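The values are calculated or read from the model by the stated rules, or taken from the named source; none is laboratory data. Quick caveat, the model's predicted, so the values are computed rather than measured. Neighbour counts run over all protein chains shown; Cβ positions are idealised from the backbone, glycine included. Just so you know, the surface numbers come from the protein's heavy atoms only, side chains and all, with ligands and any DNA or RNA stripped out. Shrake-Rupley method; radii C 1.70, N 1.55, O 1.52, S 1.80 Å.
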Amino acid sequence: MIDLKQIDRVRVASFLVLLFYSVGLAGFLLVQTQVLFEKLVPFHLLLMLLLMVWSHPRRERRFYLSLLVIYLAGFAVEAIGVNSGVVFGRYSYDTTLGPKVAGTPLMIGVNWILVIYSTSITICSVGIRNSYIGAVTGGVLVTLLDFFIEPVAIRFHYWHWDSPTVPLQNYIAWFFVAFVLLLFFLRMPVEKHNKAGVALFVVQFLFFVILWASI
């Protein structure tokens, strides 16, 4: 039986993802509004998280548990990385991602949820059923995404590197962290079909590619 309410939720969530990323893109491209839109980034991440949860078809306890694990793991690896330099390389967070604990923005865990969730949903939507193949494929996609994110993040004060260029270590670490988190989520017995998640993956990818090209 088709759940019309769920279809409506997915459509509304997908539309809002496209709308808010489009507005955000315009805000970052216009010099006059860049400072304002930097301040709005934490609220944007929270809104995207709420839209993904709201549009997810089966919000069971284990679904929320999986998101919590991704948040805690993502935050922990970033906290270790920023305070030691042994994970991604030596870098520091600036102000755009909002309040920090141990030099690490609380929103960075939310960002990992959005990246892992949307990538996992996209992997499943194209018919990849083997979790290891999915995690490897997703890890490559996430690392490619980070390639476009890095110059944008530096330009708009998300974070900065101690070195003049982004170290190769960062991309290697991104792949392995993403692989582990993707494998975890793909193997969790939760629903993995949500077209709003696919919309988020595609739109955020285009968002960073366009900003990357504009720098």
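The table for this structure:
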{"read-out": "Filter result for the condition that a residue is under 14 Å from the mean Cα position of the chain (by Cα) and open to solvent by 20 Å² or more (accessible area, probe 1.4 Å), over LEU50, LEU36, LEU40", "value": "LEU50"}
{"read-out": "Criterion violated by LEU18 - all others in (1) at pLDDT 95 or above; (2) touching a helix residue (DSSP H, G or I) at 6+ places or on another chain (Cβ under 6 Å); (3) open to solvent by less than 70 Å² (accessible area, probe 1.4 Å) satisfied", "value": "(3)"}
{"read-out": "Residue that is most open to solvent (accessible area, probe 1.4 Å) [pool: residues in segment 153-174 that are of a type in the set (A, V, I, L, M) and more than 18 Å from LEU206 (Cβ to Cβ)]", "value": "LEU168"}
{"read-out": "All positions within segment 26-64 that are free of Cβ contacts under 8 Å to residues at least 12 places away in the same chain and closer than 30 Å to HIS193 by Cβ", "value": "PHE43, LEU50, ARG59, ARG61, TYR64"}
{"read-out": "Count of segment 76-93 residues which are closer than 17 Å to PHE179 by Cβ, open to solvent by less than 10 Å² (accessible area, probe 1.4 Å) and in a loop (DSSP other than H, G, I, E, B)", "value": "1"}
{"read-out": "Close pairs (8 angstrom Cβ cut-off, 6 or more residues apart or separate chains): farther than 21 Å from LEU47 by Cα and open to solvent by 10 Å² or more (accessible area, probe 1.4 Å) in segment 175-198, in a helix (DSSP H, G or I) and of a type in the set (S, T, N, Q) anywhere", "value": "PHE175/THR143; LEU183/SER131; PHE184/SER66; LEU186/SER120; LEU186/SER131; ARG187/SER131; MET188/SER66; VAL190/SER66"}
{"read-out": "Answer residue from segment 140-152, given it is free of Cβ contacts under 8 Å to residues at least 40 places away in the same chain and within 16 Å of ILE215 (Cβ to Cβ) and is most open to solvent (accessible area, probe 1.4 Å) among those", "value": "PHE147"}
{"read-out": "Residue in segment 139-153 that is aliphatic (A, V, I, L, M), in contact with a strand residue (DSSP E or B) (Cβ under 8 Å, 6 or more places away or on another chain) and part of a loop (DSSP other than H, G, I, E, B) present", "value": "no"}
{"read-out": "Count of residues meeting criterion [assigned to a helix (DSSP H, G or I) and farther than 18 Å from GLY109 by Cα] in segment 40-56", "value": "2"}
{"read-out": "Every residue from segment 94-114 that is of a type outside the set (Val, Ile, Thr), surrounded by 18 or more Cβ atoms within 10 Å (Cβ to Cβ) and out of contact with any strand residue (DSSP E or B) (no Cβ under 6 Å at 6 or more places or on another chain)", "value": "MET107, GLY109, ASN111, TRP112, LEU114"}
{"read-out": "Single residue of segment 57-66 satisfying the filter (in contact with a helix residue (DSSP H, G or I) (Cβ under 9 Å, 6 or more places away or on another chain) and in a loop (DSSP other than H, G, I, E, B)) that is surrounded by the most Cβ atoms within 10 Å (Cβ to Cβ)", "value": "PRO57"}
{"read-out": "Among the residues listed as VAL69, VAL23, the single one being free of Cβ contacts under 8 Å to residues at least 60 places away in the same chain and touching a helix residue (DSSP H, G or I) at 6+ places or on another chain (Cβ under 9 Å)", "value": "VAL23"}
{"read-out": "Residue in segment 104-115 that is among the hydroxyl-bearing types (Ser, Thr, Tyr) and over 26 Å from SER14 (Cβ atoms) present", "value": "yes"}
